[in-house]
1. Kindly list the number of the only condition in (1) over 16 Å from ASN23 (Cβ atoms); (2) under 13 Å from the mean Cα position of the chain (by Cα) that fails for ASP83.
2. Conditions first: (1) open to solvent by 30 Å² or more (accessible area, probe 1.4 Å); (2) closer than 11 Å to LEU94 by Cα. ILE114 passes all but one, so which condition is the exception?
3. Which residues, counting only those in segment 117-151, are of a type in the set (A, V, I, L, M, F, W, C), under 24 Å from ILE65 (Cα atoms) and open to solvent by 30 Å² or more (accessible area, probe 1.4 Å)?
4. Out of segment 94-111, which residues are basic (Lys, Arg) and either open to solvent by less than 10 Å² (accessible area, probe 1.4 Å) or within 11 Å of the chain's Cα centre (by Cα) (or both)?
Amino acid sequence: MKKLATLVLGSILLFGSAACDNNTAKTSADAPDSINGSVEQAGTVEETLEDGSSEIRQDQLNADIRAREQRNDIVGDQTDRADADIASEVRSKLEANIPRAKLIVEAKDGAVSIAGTVPDQKEYETVEPLAKEILGVKSVKTDVKVVPPTN
């Protein structure tokens, strides 16, 4: 009976960890679902702005980045990072600094792809430099469009 319980529990944990290993991350719920996807109602940015610019959300994003960096300090080389960690940290960095963006981030072997929309040219120009600030990012490819708010 103990062996069966161990097998069942192990299977659940293995399935759960495999399901969580996702190398994409979105800056908002209405960001594209994939790098090749499109943003619906790209000009509507007020809800995203309010959520992304709140002090509580900023603290959460910064804590997420710090926690992942600390975990990597404990387990090994800071530059050898999991794709899911890189995607999540880039997403957090973009969300904290460009709260009106609707972006999806994907990472594969340190190569980061970012797609979606931002409301102005200044924010567009900060996407790539912000992504490159994250440890483990080797290259950045962007497919981001400037779509002014319709509000």
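The values are calculated or read from the model by the stated rules, or taken from the named source; none is laboratory data. Keep in mind it's a predicted model, so treat the numbers as computed, not measured. Cβ coordinates were reconstructed from backbone atoms using ideal geometry, including for glycine residues, and neighbour counts include every protein chain displayed. These accessible areas exclude ligands, DNA and RNA; they are computed on the full protein's heavy atoms, side chains included. Shrake-Rupley method; radii C 1.70, N 1.55, O 1.52, S 1.80 Å.
1. Among (1) over 16 Å from ASN23 (Cβ atoms); (2) under 13 Å from the mean Cα position of the chain (by Cα), the lone unmet condition for ASP83 is (1).
2. Evaluating ILE114 over (1) open to solvent by 30 Å² or more (accessible area, probe 1.4 Å); (2) closer than 11 Å to LEU94 by Cα leaves (1) as the failure.
3. LEU135
4. LYS102
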